[in-house]
Amino acid sequence: MATVIPISDRRARLALVLALLGIPSLGITVPAAIWLGVGALRQQRLSSGGEPAMGFIALVIAGLDVMMLNPVLLKTFDIIDPQLAWTGIGWGLALATAAGICTAAILRIHPERWGALLFARAGLIGAMVGGTALFVQLIAVID
């Protein structure tokens, strides 16, 4: 029988993973990582004590993601058609919203409900793959 990880540990770990996936997913996971990182920092009852540190590391990595993606997005408007760039930003916002919803669902679903948890994880992975596809498409258009 597996132990159930407390929600504070899950929040901090998921924040760190989403922050690390910020650059490959074109920033799709960064809003969810920032939300979870702030939640891990503000945690009142700690289970293992490492959540604030992981939350802080996730926030720093998410900040680096934003700093690295900002020039890419600014250069995008210079190189490609603005209508195409705004369409990509619209898709990115939709995927970021889906990633946030799936992240909230992953935290709220009890781990023993494997079907719902699998569905939420698949949605989160789908959002990350969509962000990566946007990034690859952007690189192809720029080249």
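The values are calculated or read from the model by the stated rules, or taken from the named source; none is laboratory data. Remember, it's a predicted structure, so these values are computed and weren't measured experimentally. Ideal geometry is used to build each Cβ from the backbone, glycine not excepted, and the neighbour counts take in all protein chains shown. Note: areas computed on protein heavy atoms with side chains; ligands, DNA, RNA excluded. Shrake-Rupley method; radii C 1.70, N 1.55, O 1.52, S 1.80 Å.
Among the residues of region 41-66, what is the count of those that are of a type in the set (Ser, Thr, Tyr) and at pLDDT 85 or above? Write out each step before concluding.
In the first step, residues of region 41-66 are kept if they are of a type in the set (Ser, Thr, Tyr); the result is 47-48.
Filter once more, keeping what is at pLDDT 85 or above: none.
Residues meeting the conditions: 0.
Quick check: anything in region 88-107 over 19 Å from Leu20 (Cβ atoms) and touching a Leu at 6+ places or on another chain (Cβ under 7 Å)?
For region 88-107, residues over 19 Å from Leu20 (Cβ atoms) and touching a Leu at 6+ places or on another chain (Cβ under 7 Å): present.
Without any contact (Cβ under 8 Å) to a residue 40 or more places away in the chain and over 18 Å from Thr29 (Cα atoms): does that describe Pro111? Explain how you work it out, then say what you get.
Values: without any contact (Cβ under 8 Å) to a residue 40 or more places away in the chain: no; over 18 Å from Thr29 (Cα atoms): yes.
It is false that Pro111 is without any contact (Cβ under 8 Å) to a residue 40 or more places away in the chain and over 18 Å from Thr29 (Cα atoms).
Does Asp78 satisfy the condition of being at negative phi, part of a helix (DSSP H, G or I), exposed (fewer than 13 other Cβ atoms within 10 Å of the Cβ) and charged (D, E, K, R)? Even if it seems obvious, please write down each step before you answer.
Working: at negative phi: yes; part of a helix (DSSP H, G or I): yes; exposed (fewer than 13 other Cβ atoms within 10 Å of the Cβ): yes; charged (D, E, K, R): yes.
When the stated conditions are applied, Asp78 passes them.
List pairs: first in region 28-45 and in a helix (DSSP H, G or I) and open to solvent by less than 50 Å² (accessible area, probe 1.4 Å), second among the aromatic types (Phe, Trp, Tyr) and at pLDDT below 90, Cβ under 6 Å, 6+ apart or cross-chain?
So the pair list comes out empty.
Which of (1) in contact (Cβ under 8 Å) with a residue 12 or more places away in the chain; (2) part of a helix (DSSP H, G or I); (3) open to solvent by 40 Å² or more (accessible area, probe 1.4 Å) is the odd one out, the single condition Ser48 does not satisfy?
Checking Ser48 against (1) in contact (Cβ under 8 Å) with a residue 12 or more places away in the chain; (2) part of a helix (DSSP H, G or I); (3) open to solvent by 40 Å² or more (accessible area, probe 1.4 Å), the one that fails is (2).
Based on this model, can you work out whether Leu69 counts as part of a helix (DSSP H, G or I) and either at pLDDT 90 or above or more than 17 Å from the chain's Cα centre (by Cα) (or both)? Write out each step before concluding.
Working: part of a helix (DSSP H, G or I): yes; either at pLDDT 90 or above or more than 17 Å from the chain's Cα centre (by Cα) (or both): no.
Spelling it out, it is not the case that Leu69 is part of a helix (DSSP H, G or I) and either at pLDDT 90 or above or more than 17 Å from the chain's Cα centre (by Cα) (or both).
Of the residues that make up region 52-59, is at least one over 17 Å from the mean Cα position of the chain (by Cα), in a helix (DSSP H, G or I) and under 14 Å from Leu14 (Cα atoms)? Walk me through it before giving the result.
Pass one, region 52-59, residues over 17 Å from the mean Cα position of the chain (by Cα): 52-53.
Next cut, in a helix (DSSP H, G or I) only: 52-53.
Cutting the leftovers down to under 14 Å from Leu14 (Cα atoms) gives us 52-53.
For region 52-59, residues over 17 Å from the mean Cα position of the chain (by Cα), in a helix (DSSP H, G or I) and under 14 Å from Leu14 (Cα atoms): present.
Conditions tested, residue by residue: (1) assigned to a loop (DSSP other than H, G, I, E, B); (2) hydrophobic (A, V, I, L, M, F, W, C); (3) under 21 Å from Gly37 (Cβ atoms).
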site	(1), (2), (3)
Leu107	no, yes, yes
Ala116	no, yes, no
Ala127	no, yes, yes
Gly131	no, no, yes
Val141	no, yes, no
